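Asker: What follows is a structure written as structure tokens; I'll ask about it next.
The values are calculated or read from the model by the stated rules, or taken from the named source; none is laboratory data. Values in this document were obtained by computation on a predicted structure and should not be read as measured data. Reconstructed Cβ throughout: ideal geometry from the backbone, glycine too, with neighbour counts over all protein chains shown.
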């Protein structure tokens with residue numbers, strides 16, 4: 001195991017500032033010169049289909065890229081036994097061979113300054129991507145990147161390989177003009193952000209901390225001030241099978257599942273009501289922040305038999321401040337009450353399994369130095385302040401903020417149709433994120449000359 | 001190919017009568033002596049798991065049994081090309097390897113009398129069984145027959161291997177007392193009754209006709225006067241995929257599927273309304289004859305993605321007199337109207353595929369000689385007339401009645417949980433059906449002595 005240096009306190013806690021205008025100009029120009037290489041890297045990342053359980057090929061590319069940039073490599077497998085007892089641990093998603101989940105790697109590239117004069121930084125991105133959906137609905141195959149009308153298309157192009165490529169290009173831009181960060185920088189390429197977050201949690205468990213963490217998620221140049229909690233669970237309904245000649249003698253598990261989902265939708269409506277006690281201030285203006293999604297369903301096997309069983313996978317969102325235990329209790333209570341009172345569920349057994357995301361929401365103060373400097377960097381590039389957002393999804397940022405004493409936010413490119421068909425990222429946006437992060441890194445970490 | 005004898009007209013069209021009382025007594029006693037062998041045969045039939053596409057092992061047993069009874073064998077594969085253009089043809093069920101459906105056999109055992117003095121008869125049964133559902137919910141494994149409390153348990157025990165075993169035992173009982181039918185008898189063990197009926201259709205195409213057909217379906221000693229039409233179809237919905245962070249930007253195909261099913265349920269309610277113009281007189285008193293069943297559903301792949309596609313397999317029932325074209329048009333119209341008017345279906349594409357059962361309903365006059373003699377046979381065994389029923393499912397009887405000029409009905413044992421978990425058949429009932437059919441065959445076909 002690569003030894004991780006003890007965290008040094010930041011020697012100067014004054015308000016972090018952008019680098020001098022001349023350095024800014026040099027950095028922006030260097031960031032722009034990096035764009036061809038950045039696009040090439042991004043395309044190669046997309047070509048490696050890092051679906052759940054299949055991340056190693058993409059991580060090989062990350063290790064090779066980190067090494068070529070002079071970063072020290074810390075590549076380590078996710079050891080579930082080391083993180084299982086952490087309060088932020090999420091049980092692996094069902095239908096996944098958990099033995100296969102052992103032995104998949106995180107890759108961290110470590111930069112150590114000769115002398116630390118600035119703040120340390122974690123640049124974190126997830127290498128895993130979600131399933132493609134029906135591949136034949138894509139205009140071009142999802143893992144064969146194509147550029148069209150200024151956008152790069154492919155599964156993971158936006159979420160979030162572009163962000164990782166931009167962060168690496170920003171660091172490279174510094175090197176291109178003979179500079180390096182004057183503080184430790186940990187570039188983390190982690191697995192399993194899309195279902196549990198256990199990749200980022202393993203980094204935390206391994207000891208990684210910094211003065212801030214930035215995750216270049218594809219949030220369209222906004223500054224993330226808060227994110228919802230997210231929970232996955234499976235409902236397995238068992239009805240009463242029968243010949244369809246008298247469907248009333250059986251209890252259709254598929255029909256029962258849709259009835260039960262409607263009961264859970266009332267919980268969703270309750271949480272989204274403007275006056276709901278759980279509604280966090282950061283989400284005060286969002287019309288419908290807490291999304292309950294039926295993401296997968298499977299039931300029955302024969303058109304002329306009343307189906308015995310039906311499985312549903314749901315994803316629900318909830319507010320910062322709602323504990324995992326209270327959310328699980330509310331779900332359980334809703335189901336119990338529905339089964340006890342709705343005649344349409346009489347005789348139906350419901351099994352509730354929490355798996356995958358058990359992710360708390362969190363918020364971060366807009367006055368945190370990391371947010372201030374990111375805002376200043378954005379303004380330097382765009383000429384106006386970035387929009388601040390409260391996200392209705394989760395990110396790995398929760399681990400750093402809630403459990404790692406490391407203020408974390410997201411700032412990344414404009415992407416479209418993430419998790420959908422024909423996902424893409426804007427190449428102009430990729431360049432702009434590279435520019436913003438180059439300024440931010442120089443300002444946050446400070447710089448020192450590279451001495452060959 | 002075994003040549004099929006030209007059908008001889010029945011020489012005596014007078015009202016068929018039960019055999020003389022002394023022969024009745026001898027036959028009933030012989031039927032009872034056959035019960036141990038009948039149960040052994042039934043158990044061996046259950047042991048051969050004749051699921052769709054896997055019927056050959058059970059058909060081997062049928063051929064061997066027919067041959068041991070002195071029947072001539074006509075074993076022939078279902079050739080879809082020979083029946084594809086028949087109006088009663090049903091396209092093979094989806095998710096089935098149709099090349100595998102070629103080459104599966106029907107087995108017919110043929111008895112020819114020395115001299116025909118009675119009516120010819122088709123005894124038809126289907127060897128195929130429906131899927132087991134979750135095997136771990138069965139008290140004992142579905143293809144390992146067990147006898148408990150006077151019932152034999154196993155998938156297919158009731159639907160309808162018991163009926164076939166009883167019919168064979170009734171024929172054997174005649175032989176046991178030195179007699180044989182004085183008319184042609186065709187014992188048909190057919191495939192694919194549970195999804196298309198193409199097995200029985202292939203028998204029809206091959207030329208089999210008779211003065212009547214009896215199918216010992218497990219209808220609890222009732223006389224079937226009518227049966228519903230049955231149709232299968234698949235709905236494939238395509239919504240708009242999206243990241244779940246804003247579900248409103250996508251269109252959830254699973255949710256849309258449940259909405260569309262509710263629209264189809266209004267068609268079901270319409271057809272079941274007491275005053276509905278389609279309601280056939282035979283079903284006048286049934287509270288809810290036309291069952292619409294969602295038998296299988298599959299959609300989505302990831303809890304945090306709005307699912308792009310969802311498939312639903314439905315089975316619907318409709319009345320004798322409703323043509324297949326009119327039913328398909330009503331389904332299509334309901335879907336089109338729903339998609340055009342329901343905002344919950346905006347942006348959702350629906351593909352409608354008719355496959356599996358495209359089965360018309362039919363009714364038979366209670367004065368048909370086959371029904372009269374079956375009723376008399378039942379009365380002779382039970383001491384009271386059988387109940388007459390209109391069935392809310394389909395059987396292969398439709399082929400004979402509608403397309404084969406062969407009046408057909410069903411008469412068979414009491415079974416429970418057919419198509420469900422822990423399917424079973426009553427052994428007392430198995431014996432009683434053997435008794436009734438022995439009397440019926442002797443009365444319908446007449447008898448002649450076996451000359452060795």
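Asker: Sort out which residues of the stretch B:307-316 are touching a strand residue (DSSP E or B) at 6+ places or on another chain (Cβ under 6 Å), within 8 Å of another protein chain (Cβ to nearest Cβ), closer than 24 Å to residue A:133 by Cα and crowded, with 24+ Cβ neighbours inside 10 Å, and write them in order of number.
Answerer: Result: B:307, B:310, B:313.
Asker: Another question, if that's okay. On the basis of being part of a helix (DSSP H, G or I) and either assigned by TED's automatic domain parsing to the domain that holds residue A:251 or under 24 Å from residue B:305 (Cβ atoms) (or both), does residue A:329 make the cut?
Answerer: Details: part of a helix (DSSP H, G or I): yes; either assigned by TED's automatic domain parsing to the domain that holds residue A:251 or under 24 Å from residue B:305 (Cβ atoms) (or both): yes.
So residue A:329 fits the description; yes.
Asker: Of the numbered conditions (1) within 14 Å of another protein chain (Cβ to nearest Cβ); (2) modelled with pLDDT under 95, residue A:367 fails exactly one; give the number of that condition.
Answerer: Evaluating residue A:367 over (1) within 14 Å of another protein chain (Cβ to nearest Cβ); (2) modelled with pLDDT under 95 leaves (1) as the failure.
Asker: Could you tell me which residue of the stretch B:325-338 is surrounded by the fewest Cβ atoms within 10 Å (Cβ to Cβ), considering only residues that are more than 14 Å from chain A (Cβ to nearest Cβ) and touching a residue at least 24 places away in the same chain (Cβ under 8 Å)? Break it down stepwise before answering.
Answerer: Step one: of the stretch B:325-338, the residues more than 14 Å from chain A (Cβ to nearest Cβ) are B:325-330, B:332-338.
After this cut, where a residue has to be touching a residue at least 24 places away in the same chain (Cβ under 8 Å) as well, the list is B:327-328, B:330, B:334-335, B:337-338.
Numbers: B:327: 25, B:328: 15, B:330: 18, B:334: 18, B:335: 20, B:337: 11, B:338: 21.
In this case the residue turns out to be B:337.
Asker: Where residues in the stretch A:400-425 are assigned to a strand (DSSP E or B) and crowded, with 22+ Cβ neighbours inside 10 Å, which of them is nearest to the other protein chains (Cβ to nearest Cβ)? Step through it out loud before you land on a result.
Answerer: Restricting attention to the stretch A:400-425, the residues satisfying the condition of being assigned to a strand (DSSP E or B) are A:408-410, A:415-416, A:424-425.
When the remaining residues are screened for being crowded, with 22+ Cβ neighbours inside 10 Å, the result is A:408-410, A:415, A:424-425.
Numbers: A:408: 18, A:409: 16, A:410: 12, A:415: 10, A:424: 13, A:425: 14 Å.
Within the stretch A:400-425, the match that is nearest to the other protein chains (Cβ to nearest Cβ) is A:415.
Asker: When you scan the stretch B:260-276, how many residues do you find that are more than 11 Å from residue B:310 (Cβ to Cβ) and in contact (Cβ under 8 Å) with a residue 60 or more places away in the chain? Walk me through it before giving the result.
Answerer: Pass one, the stretch B:260-276, residues more than 11 Å from residue B:310 (Cβ to Cβ): B:262-276.
Retained after the next criterion (residues that are in contact (Cβ under 8 Å) with a residue 60 or more places away in the chain): B:263-264, B:266-267.
The qualifying residues number 4.
Asker: Let me confirm something: among B:359, B:385, B:375, B:380, which residue is under 15 Å from the mean Cα position of the chain (by Cα) and modelled with pLDDT of 95 or more?
Answerer: Numbers: B:385 fails: under 15 Å from the mean Cα position of the chain (by Cα); B:375 fails: under 15 Å from the mean Cα position of the chain (by Cα); B:380 fails: under 15 Å from the mean Cα position of the chain (by Cα).
Among B:359, B:385, B:375, B:380, only B:359 is under 15 Å from the mean Cα position of the chain (by Cα) and modelled with pLDDT of 95 or more.
Asker: If you don't mind, another one. Test residue A:207 against the criterion of being more than 13 Å from every other protein chain (Cβ to nearest Cβ) and either at positive phi or modelled with pLDDT under 95 (or both), and give yes or no.
Answerer: Values: more than 13 Å from every other protein chain (Cβ to nearest Cβ): yes; either at positive phi or modelled with pLDDT under 95 (or both): yes.
When the stated conditions are applied, residue A:207 passes them.
Asker: Hey, another quick one. Quick one: residue B:282 ticks every box in (1) within 14 Å of chain A (Cβ to nearest Cβ); (2) crowded, with 24+ Cβ neighbours inside 10 Å bar one, so which box is it?
Answerer: Here residue B:282 meets the rest and fails (1).
Asker: Here's another thing I want to ask about it. Since residue B:322 meets every condition but one in (1) farther than 23 Å from residue A:257 by Cβ; (2) free of Cβ contacts under 8 Å to residues at least 12 places away in the same chain, which condition does it not meet?
Answerer: Exception for residue B:322: condition (2).
Asker: Filter the strands (runs of 3 or more DSSP E) completely within the stretch B:97-168 down to those with at least 3 residues that are under 22 Å from residue B:429 (Cβ atoms) and either within 14 Å of chain A (Cβ to nearest Cβ) or touching a residue at least 24 places away in the same chain (Cβ under 8 Å) (or both).
Answerer: Working: elements: B:105-111, B:121-126, B:146-148, B:151-153.
Output list reads B:121-126, B:151-153.
Asker: Can I ask one more? For residue B:360, all conditions in the list (1) buried (at least 23 other Cβ atoms within 10 Å of the Cβ); (2) away from every other protein chain (no Cβ under 14 Å); (3) over 30 Å from residue B:132 (Cβ atoms) hold save one; what is the number of the exception?
Answerer: It fails just one condition, (3).
Asker: Name every residue in the stretch B:289-306 that is surrounded by fewer than 24 Cβ atoms within 10 Å (Cβ to Cβ) and more than 7 Å from every other protein chain (Cβ to nearest Cβ), in order of residue number.
Answerer: B:292 - this is the single residue of the stretch B:289-306 that is surrounded by fewer than 24 Cβ atoms within 10 Å (Cβ to Cβ) and more than 7 Å from every other protein chain (Cβ to nearest Cβ).
Asker: Let me ask another. Residue by residue through the stretch B:367-399, note down the ones that are within 29 Å of residue B:232 (Cα to Cα) and assigned to a loop (DSSP other than H, G, I, E, B). Don't jump to the end; show me each part of the working.
Answerer: Taking the stretch B:367-399 and keeping what is within 29 Å of residue B:232 (Cα to Cα), we get B:388-399.
Scanning the stretch B:367-399 gives B:392, B:393, B:394, B:395, B:396.
Asker: Something else about it: Can you spot a residue in the stretch B:312-319 that is more than 22 Å from the chain's Cα centre (by Cα) and modelled with pLDDT of 95 or more? It would help to see each step written out before you state the result.
Answerer: As a first pass, look at the stretch B:312-319 and keep what is more than 22 Å from the chain's Cα centre (by Cα): B:312.
Within this subset, residues satisfying the condition of being modelled with pLDDT of 95 or more are B:312.
Yes, some residue in the stretch B:312-319 is more than 22 Å from the chain's Cα centre (by Cα) and modelled with pLDDT of 95 or more.
Asker: While we're looking at this one, here's another question. Pick from A:70, A:53: which is exposed (fewer than 14 other Cβ atoms within 10 Å of the Cβ) and part of a loop (DSSP other than H, G, I, E, B)? Quick ask: steps written out before the conclusion?
Answerer: Numbers: A:53 fails: exposed (fewer than 14 other Cβ atoms within 10 Å of the Cβ).
A:70 is the lone residue from the list that is exposed (fewer than 14 other Cβ atoms within 10 Å of the Cβ) and part of a loop (DSSP other than H, G, I, E, B).
Asker: Also, I was wondering about something else. Going by the conditions given, is residue B:431 within 26 Å of residue B:196 (Cβ to Cβ) and buried (at least 18 other Cβ atoms within 10 Å of the Cβ)?
Answerer: Numbers: within 26 Å of residue B:196 (Cβ to Cβ): no; buried (at least 18 other Cβ atoms within 10 Å of the Cβ): yes.
Criteria not met by residue B:431.
Asker: Let me ask something additional. Would it be correct to say that residue A:387 is touching a strand residue (DSSP E or B) at 6+ places or on another chain (Cβ under 8 Å), farther than 30 Å from residue A:87 by Cα and surrounded by fewer than 19 Cβ atoms within 10 Å (Cβ to Cβ)? Talk me through it step by step, then tell me what you get.
Answerer: Working: touching a strand residue (DSSP E or B) at 6+ places or on another chain (Cβ under 8 Å): yes; farther than 30 Å from residue A:87 by Cα: yes; surrounded by fewer than 19 Cβ atoms within 10 Å (Cβ to Cβ): yes.
Against the criterion (touching a strand residue (DSSP E or B) at 6+ places or on another chain (Cβ under 8 Å), farther than 30 Å from residue A:87 by Cα and surrounded by fewer than 19 Cβ atoms within 10 Å (Cβ to Cβ)), residue A:387 qualifies.
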